[in-house]
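To keep things clear, I will list the structure first and then write my remarks on it.
The values are calculated or read from the model by the stated rules, or taken from the named source; none is laboratory data. Keep in mind it's a predicted model, so treat the numbers as computed, not measured. Cβ placement follows ideal geometry from the backbone for every residue including glycine, while neighbour counts extend to all protein chains displayed. For the accessible areas, the whole protein counts, side chains as well, though only heavy atoms, and no ligand, DNA or RNA atoms are used. Shrake-Rupley method; radii C 1.70, N 1.55, O 1.52, S 1.80 Å.
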Amino acid sequence: MNGSVRIKNVKYTAGLSNASSEEYHKFTQLFFGEVRKSLPLNRLQEMDLGLIKMLITSITNGSIVVDFDLLTAKDLAIHSLSTAFQDVFKNSSYFTVDNNGFSIRDYDECERKEDDCSPDASCHNTYGSYRCSCNEGFADLDSERPGRNCEAFPLSHGPTTAHGKHVGSTASPVTRPHASAPTENSSAAKTKAKEDAMFSSTAMPRASTASVSNARSSPHVTISPLTKASHGMSIKDAVRVFCETEKIVIA
């Protein structure tokens, strides 16, 4: 924290602006002595243990304005500490303090670059202290002291979308040509060719010569011995001729 107090009963001199002057040293001794005399016992003990440090940063004109810093341990109650130092100057037996010219403000370590956050972390000022947090895209490797040891996440391979999702290559579906369904004509042609092949490989039985001689002659029927079907004749035609032949022979 840092503070400022305006003391009305002390006149400003040029020597007070020089930290190495005797006048400066005499005033600071008087100032710190008055603070110690007015502090509560518990706060005085904390100062003796080094848990609280008060440093004068400047002395300026008007009657006299003293700027100071209060450095404290992180586990101290900052609000009660601030109240204790306000009471010191209000209850001082030596200094006459302008109540409107007194303030204790939070000391911004982040703004003054006095933090120990990682270069890959952000500093967030808090009342009486500060905190660190790793930036987006960085992992915090020290849970006890956040924001001090940050490591970047491994880079993902391949392009990503705005939402961080990977964009994979999308292959077009392979369309294989389908065999067209056979038409009725081509199906019938294949069936006929199969029947012709079956018939051509089987020799038809010869009609008995004796039977043929007993058959009645017919001027419209000419009986020829059948050994193989002609290549142009289907099995249905062959069966019909065969049946006609048998009918003639039987008759």
Review point. What are the residues in the stretch 101-145 that are in contact (Cβ under 8 Å) with a residue 24 or more places away in the chain, over 25 Å from ALA73 (Cα atoms) and open to solvent by 40 Å² or more (accessible area, probe 1.4 Å), if any?
Key: ASP120
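So for the stretch 21-31 (the condition being out of contact with any His (no Cβ under 9 Å at 6 or more places or on another chain), among the acidic types (Asp, Glu) and touching a residue at least 24 places away in the same chain (Cβ under 8 Å)), does at least one residue qualify?
So far as the stretch 21-31 goes, no, none of its residues is out of contact with any His (no Cβ under 9 Å at 6 or more places or on another chain), among the acidic types (Asp, Glu) and touching a residue at least 24 places away in the same chain (Cβ under 8 Å).
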Exercise for review: Hey, can you tell me all the residues within the stretch 34-51 that are in a loop (DSSP other than H, G, I, E, B) and under 23 Å from GLY101 (Cβ atoms)?
Suggested key: LEU39
Practice item. Hey, can you tell me all the residues within the stretch 52-81 that are assigned to a loop (DSSP other than H, G, I, E, B), in contact with a Lys or Arg (Cβ under 9 Å, 6 or more places away or on another chain) and either surrounded by 14 or more Cβ atoms within 10 Å (Cβ to Cβ) or basic (Lys, Arg) (or both)? Key: SER63
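Would you pick out the residues in the stretch 90-102 that are among the aromatic types (Phe, Trp, Tyr) and either within 15 Å of PHE27 (Cα to Cα) or part of a strand (DSSP E or B) (or both)?
Within the stretch 90-102, TYR94, PHE95 qualify.
For TYR130, state whether it is under 23 Å from LEU51 (Cα atoms) and at pLDDT 80 or above.
For TYR130, the condition - under 23 Å from LEU51 (Cα atoms) and at pLDDT 80 or above - is met.
Can you confirm whether GLY15 is part of a helix (DSSP H, G or I), touching an Asp or Glu at 6+ places or on another chain (Cβ under 8 Å) and open to solvent by less than 80 Å² (accessible area, probe 1.4 Å)?
yes
To keep it simple, each residue is scored yes or no on (1) under 26 Å from ARG131 (Cβ atoms); (2) modelled with pLDDT under 90.
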{"residue": "PHE32", "(1), (2)": "no, no"}
{"residue": "VAL35", "(1), (2)": "no, no"}
{"residue": "SER38", "(1), (2)": "no, yes"}
{"residue": "LEU41", "(1), (2)": "no, no"}
{"residue": "ILE56", "(1), (2)": "no, no"}
{"residue": "ASN61", "(1), (2)": "no, no"}
{"residue": "VAL66", "(1), (2)": "no, no"}
{"residue": "LEU70", "(1), (2)": "yes, yes"}
Practice item. Would you please name the residue that is most open to solvent (accessible area, probe 1.4 Å), looking only at residues in the stretch 18-51 that are among the polar types (S, T, N, Q) and over 17 Å from ALA73 (Cα atoms)? Key: GLN29
